[in-house]
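Remarks on the structure that follows.
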Amino acid sequence: MNRVPLAERMRPKKLSEVLGQEDIIGEGKILTEIVKKGEPVNLIFWGPPGTGKTTLARILANEFNADFIEVSAVTAGKKDINEVIDRAKTNWNLQIRTILFVDEIHRFNKAQQDAFLPHVESGLITLIGATTENPSFEVISPLLSRSRVVVVSPLSKSAILEVLKRAIKSENATKRIKKEALDYLAELSGGDARSALGDLELALSLAEKIDKNVVAEAAGKKMPGYDKKGDRHFDTISAFIKSMRGSDVDAALYYLARMVEAGEDPKFIARRMVIFASEDIGLAGNGALSLATACFEAVERVGMPESGIILSHACVALTLSKKNRDTYDAWGRALELARKTPNEPVPLWLRNATTNLMKNLGYGEGQEWTAGFHLDKNYLPDKIKNSVIFKKST
């Protein structure tokens with residue numbers, strides 16, 4: 001029995017064996033050109049799990065005949081980093097390159113990332129970091145400025161299928177698995193080759209003949225790759241809001257369902273719809289804010305799973321509503337003007353006259369306590385009396 005997982009055994013050893021990364025591998029593409037030039041550079045691989053970030057780092061180290069040191073930011077401490085630097089210094093004296101691969105580099109804090117800087121600047125180590133989070137927010141600027149960010153994309157279904165076919169051939173299992181089962185494995189993977197190979201390995205151990213049912217048993221219930229504080233969280237809620245803004249009901253419902261399935265807090269979704277009702281619908285449908293607010297209150301009281309129905313109801317209504325951003329735009333202009341002129345005196349006639357002296361000075365002059373009261377005077381401070389904040393769209 002082979003104790004090495006199938007996903008590990010199937011790792012590509014050369015760039016030419018890597019599938020599904022045509023944007024970064026191939027003639028004129030960044031990784032191929034780096035290898036051609038023969039000089040390693042600091043890189044940050046950014047992409048979802050199972051897309052080959054670790055594999056690419058190992059391939060590059062092999063291409064440069066470098067000493068490859070791999071650490072995980074989850075488990076590595078100060079002692080581990082000191083040992084890496086000592087080993088790199090020994091390699092330097094032996095004229096051997098050192099490539100340090102830091103998996104999940106975003107989990108290192110600022111001080112830990114700072115510790116690499118002098119050694120990256122001196123060339124003692126070539127740093128390759130891997131992260132599933134946006135490096136703009138998770139990697140310190142000095143390291144980021146000394147590195148090239150390389151986006152590693154989720155694998156397409158066709159690329160996953162090719163990975164699976166290679167694995168089946170290597171396991172001499174071509175005749176054991178049906179085509180529909182292979183397709184199902186690729187669909188379930190979500191672009192994650194490691195997940196697909198893991199499901200395949202388990203399926204092969206469960207039955208002699210692999211059909212769709214065996215794959216379903218091996219894969220179990222696939223939880224969406226969704227981190228409530230990570231990029232997928234923000235990307236999905238952004239797609240949801242923009243789909244409502246674009247009046248695309250199908251897309252809005254799809255992204256809503258994805259968030260609910262991933263375990264997103266339904267109150268978070270409802271809060272965003274309350275904001276949307278004023279921000280994007282505004283005067284075009286004054287009932288939208290009441291509907292969205294009622295949705296939030298209902299979700300808060302009912303709970304899941306029934307709240308999904310309530311969220312769907314509000315989502316469809318808001319998506320199909322006419323859109324108007326006059327009040328949103330006016331609020332932006334009002335804030336801008338208020339920040340520029342925070343100390344402009346309020347016109348005397350608008351002030352309360354609470355003493356006789358104030359009345360004599362003109363405070364509250366002409367005011368009346370009647371409905372619809374209006375004086376043909378400047379309501380804004382004199383300096384900005386001609387400013388137009390609310391502009392009604394045509």
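The values are calculated or read from the model by the stated rules, or taken from the named source; none is laboratory data. Everything numeric here is computed off the predicted structure, so don't read it as measured data. Glycine gets a Cβ as well: all are built from the backbone with ideal geometry, and neighbour counts include every protein chain shown. Ligands, DNA and RNA are stripped out before the accessible areas are found, and what is left, the full protein with its side chains, is counted by its heavy atoms. Shrake-Rupley method; radii C 1.70, N 1.55, O 1.52, S 1.80 Å.
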Here are some residues: 323, 385, 359, 392. Which one is surrounded by 12 or more Cβ atoms within 10 Å (Cβ to Cβ) and either in contact (Cβ under 8 Å) with a residue 40 or more places away in the chain or in contact with a Leu (Cβ under 6 Å, 6 or more places away or on another chain) (or both)?
-> 323
Failed item in (1) of a type outside the set (Phe, Trp, Tyr); (2) more than 22 Å from residue 22 (Cβ to Cβ); (3) surrounded by 19 or more Cβ atoms within 10 Å (Cβ to Cβ); (4) within 29 Å of the chain's Cα centre (by Cα), with residue 110 passing the rest | (3)
For the stretch 219-230, indicate whether the set of residues that are assigned to a helix (DSSP H, G or I) and over 23 Å from the mean Cα position of the chain (by Cα) is non-empty.
-> yes
Identify the residue in the stretch 313-355 that is in a loop (DSSP other than H, G, I, E, B) and β-branched (Val, Ile, Thr) and, among all such residues, is modelled with the lowest pLDDT.
-> 354
Please work out which one of (1) more than 28 Å from residue 170 (Cα to Cα); (2) of a type outside the set (Lys, Arg); (3) exposed (fewer than 14 other Cβ atoms within 10 Å of the Cβ); (4) at pLDDT below 90 is the condition residue 4 fails and give its number.
-> (1)
Just checking, which of 175, 229, 169, 221 is out of contact with any Asp or Glu (no Cβ under 8 Å at 6 or more places or on another chain), open to solvent by 40 Å² or more (accessible area, probe 1.4 Å) and at pLDDT 90 or above?
-> 169
If you scan the stretch 88-107, which residues turn out to be open to solvent by 20 Å² or more (accessible area, probe 1.4 Å) and either in contact with a helix residue (DSSP H, G or I) (Cβ under 6 Å, 6 or more places away or on another chain) or of a type in the set (A, V, I, L, M, F, W, C) (or both)?
-> 92, 94, 96, 106
Can you spot a residue in the stretch 120-133 that is under 22 Å from residue 50 (Cβ atoms), touching a residue at least 40 places away in the same chain (Cβ under 8 Å) and open to solvent by 30 Å² or more (accessible area, probe 1.4 Å)?
-> yes
Residue 85 versus (1) crowded, with 20+ Cβ neighbours inside 10 Å; (2) in a helix (DSSP H, G or I): which is the lone unmet condition?
-> (1)
Residue 27 being modelled with pLDDT under 90 and out of contact with any strand residue (DSSP E or B) (no Cβ under 7 Å at 6 or more places or on another chain) = no
